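Note sheet for the following structure.
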Amino acid sequence: MARDRAQGEDYVAPLKRLLIGILVACLLAIFLVWRIDSPRVERFRAMVTDRFVPSFEWVMAPVTGTINLLRDVQSYQRVVDQNKELRRELQQMKAWKEAALQLEQENARLLDLNNVRLDPRLTFVTGVVLADSGSPFRQSVLLNIGARDGIIDGWAAMDGIGLVGRISGVGQTTSRVILLSDSSSRIPATIQPSGQTALIVGDNTIAPHIDFLENKDQIRPGDRIESSGDGGVFPSGLLIGHVASDPGGRLRVRLSADYERLEFLRVLRDHGQEKITAPGELIAPDTLLQSNIAPEDPSLSPSENEGGDG
């Protein structure tokens, strides 16, 4: 048994060497044929290529398909990476767009503040709205300006269009503005063009109602409402809004200020008009001035009176 195995190995080794030699000879022949520059060899190469290459297309089909699949996978990976990059850029652009919109809105608010026509005698301080009350029972906002900026209780606050409210509470660096819609707000006003005076009363709604009108028949929806200046509450001529009517027929104010977007407020410095507290002096006629001359003594003779005058 061991002898048969040794004889088999003796035949296999020479056969392997023979096959390797033949394979090397074939490869060397192919190499030489493909390297020889001769017209005959060139025609032979072309003939071999035309004969065998088309027959090997079915063999190359899996290889070609695998290569194409790998290319598609690589292309898909590149598309995925590009999509992620575009998503990141889009997110950044959205953030930039939001920032640009906010800056545009702030710029518009500031431009609106600059377009408000005020009495030249009135100066102002512009503040940023920090927070609002957020309560249905109290309508107010907080500004980032206070006593260090010279703010005083009672001063009027406006946005870019109309009156917003008045200062009610001043801290060192902040102050609170009570809005016209607050239930504690009472503003004397004048309605144009009729010239009637009224009181704008807040009721915690966006449209305060109008009270104490002399003649409602002269009032029409759309009439302009301004501060009257009565009582020294506000300077006169500040725009409050326009007359509107609710479904119940009650007259209300459609406020000109945009309460939904209060970002900047202008606080008007108003030190009030000069108050006269001292009584005025009486203007006496000439007859009273002559009474300052000493009267004649009836006990004296005319000559003595004349002498005394002299």
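The values are calculated or read from the model by the stated rules, or taken from the named source; none is laboratory data. Keep in mind the model is a prediction, meaning the values are calculated, not measured. With ideal geometry, Cβ positions are generated from the backbone for all residues, glycine too; neighbour counts draw on all protein chains shown. The protein model used for the area step is the full one, side chains on, heavy atoms only, and it has no ligands, DNA or RNA in it. Shrake-Rupley method; radii C 1.70, N 1.55, O 1.52, S 1.80 Å.
By a 1.4 Å probe calculation restricted to protein chains, residue 142 has an accessible surface near 50 Å², given to the nearest 10.
The simple spin-label model puts a point 7 Å past each Cα toward its Cβ; for residue 217 and residue 84 those points are separated by 8.0 nm.
Per residue, region 142-267 exposes an accessible area of 43 Å² to a 1.4 Å probe, with every protein chain left in place.
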